[in-house]
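Okay, structure first, notes after.
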Amino acid sequence: MANIRSNTGTVSVDGTTYDWCLQREPQHTDADGWKGMTISLFERDMQREALLEFPAPKRLLKGLPRGRLQIDDATVTRGVRAALLAGWEPASRGKPMVFTVDSEGN
């Protein structure tokens, strides 16, 4: 069952459980304009965090009003796979790793 319109959740990727939560909703800054949402990922019982930064939705760039965020398990699963392929090691120590993904989490 998908976690649509939720701010937290759990996904299973290749037999490993990952917890995620919405870290930041899309927001406007004077310096950078619109910034997209950020999702925090943790492998269950591991310590290193990954942050997935999504682009700002096109409707915000066009000046349209905000809509509800749509985060589903498939998007988070694709984001986990993208972070792992890019070198995220959940069992290692250190600062959170930041990954920029597309609107579908790739």
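The values are calculated or read from the model by the stated rules, or taken from the named source; none is laboratory data. As the structure is a prediction and not an experimental result, all values here were calculated from the model. Every residue, glycine as well, gets a Cβ built from its backbone with ideal geometry; the counts of neighbours run over all protein chains shown. Please note that ligands, DNA and RNA were not included when accessible areas were found on the heavy atoms of the full protein model with its side chains. Shrake-Rupley method; radii C 1.70, N 1.55, O 1.52, S 1.80 Å.
Side notes on the structure shown:
- Of everything listed in (1) modelled with pLDDT under 75; (2) open to solvent by 70 Å² or more (accessible area, probe 1.4 Å), the single unmet condition for G15 is (1).
- Scanning region 75-106 for residues that are open to solvent by 50 Å² or more (accessible area, probe 1.4 Å) and either of a type in the set (K, R) or more than 19 Å from R48 (Cβ to Cβ) (or both) yields R78, R81, R93, K95, D102, S103, E104, N106.
- Out of W34, W20, one residue alone is within 19 Å of S103 (Cβ to Cβ), at pLDDT below 90, in a strand (DSSP E or B) and among the hydrophobic types (A, V, I, L, M, F, W, C). It is W34.
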